[in-house]
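The numbers here are math on the coordinates, done by the rules we state, and not lab data. Note that the coordinates shown come from a computational prediction; the quantities given were computed from them, not determined experimentally. Cβ atoms come from the backbone with ideal geometry, glycine included; neighbour counts cover every protein chain shown.
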Amino acid sequence: MIKNPMKLYASIILLQFTNWFFYKDGWKATGAIIALSMLLAGKTITERMEAHRANFISLYVVELLAIKSPTDIPVSIQVAIAAHESNWGRSRLSKKYNNYYGIKCHGSKGCIKMGKARWKTYESKEEGLMSFSTFVRANPRYKPCFNCNKKENVKERANCWAMQLHKQGYCPDKGYDKRLISTLNINNLYQLDQ
């Protein structure tokens, strides 16, 4: 006899949903499975948020490695900025336009206006993921960031990047560097650079 027919029914729906979702958009299937299974298991909102963050980090790192992102920019800082700027991959700018880093657009091509700002749009997720390293390298004002790579300690190196990016104007918001460092600490992103 089935102890909880509702959970069995929900599991069947989950399997059907996952099969459809996987074939429609494969990389999102993992997140859908985690979110729905946690909901069924009665997980708290905090536990679900932690699972979403872990899913974002693992998918993001795998994709960064797959496109061979340059190694002179710490992976931890790339993930922290993407997490912060895209709200862990949930923002409209990241989902629809592949802009994970909040890079603004100053030309007329490849831009979208949202609110008062114009943002870069990217044709593919890979192009969007590479945009940060391309952007930082193309702008001489970020040259001091690369001096952070002289630090041997991975935590000091990533924190230095956060502070230098803020100092050089990557994001003018007061406390941006502190928020990035907090994201690095809370999610133990430093381990990605070891």
- Please give the FRET efficiency for THR134 paired with ARG53, using the beta carbon to beta carbon distance and R0 = 22 Å, rounded to the nearest 0.05. 0.30
- By the mean-Cβ-within-10 Å protection proxy, highest first, 52-60, 110-118, 179-187 rank as 179-187, 52-60, 110-118
- Taking a crude spin-label model, label points 7 Å out from Cα along the C-beta direction, the SER91 to ASN188 distance in nm is 2.7 nm
- GluC sites (Glu not before Pro) in region 99-177 lying in a DSSP loop, each with at most 13 other Cβ atoms within 10 Å of its Cβ, come to GLU123, GLU152
- Find, to one decimal place in angstroms, the Kirkwood hydrodynamic radius of region 119-171, where the mean of 1/r is taken over every pair of different Cα atoms and then inverted. 12.1 Å
- Message: If you average 1/r across every pair of different Cα atoms in region 47-165 and take the reciprocal, what Kirkwood value do you get, in Å?
- Response: 15.0 Å
- R0 of 41 Å, Cβ-Cβ distance LYS116-LYS167: FRET efficiency to nearest 0.05: 0.95
- Karplus couplings for region 148-162 from phi (6.51 cos²θ - 1.76 cosθ + 1.60, θ = phi - 60°), rounded to Hz, Gly and Pro as x? 5, 5, 6, 6, 7, 6, 4, 5, 5, 5, 5, 4, 4, 4, 4
- Quick one: which residues, 5+ away or cross-chain, put their amide H under 5 Å from the amide H of MET114? H built at 1.01 Å from N. TRP119
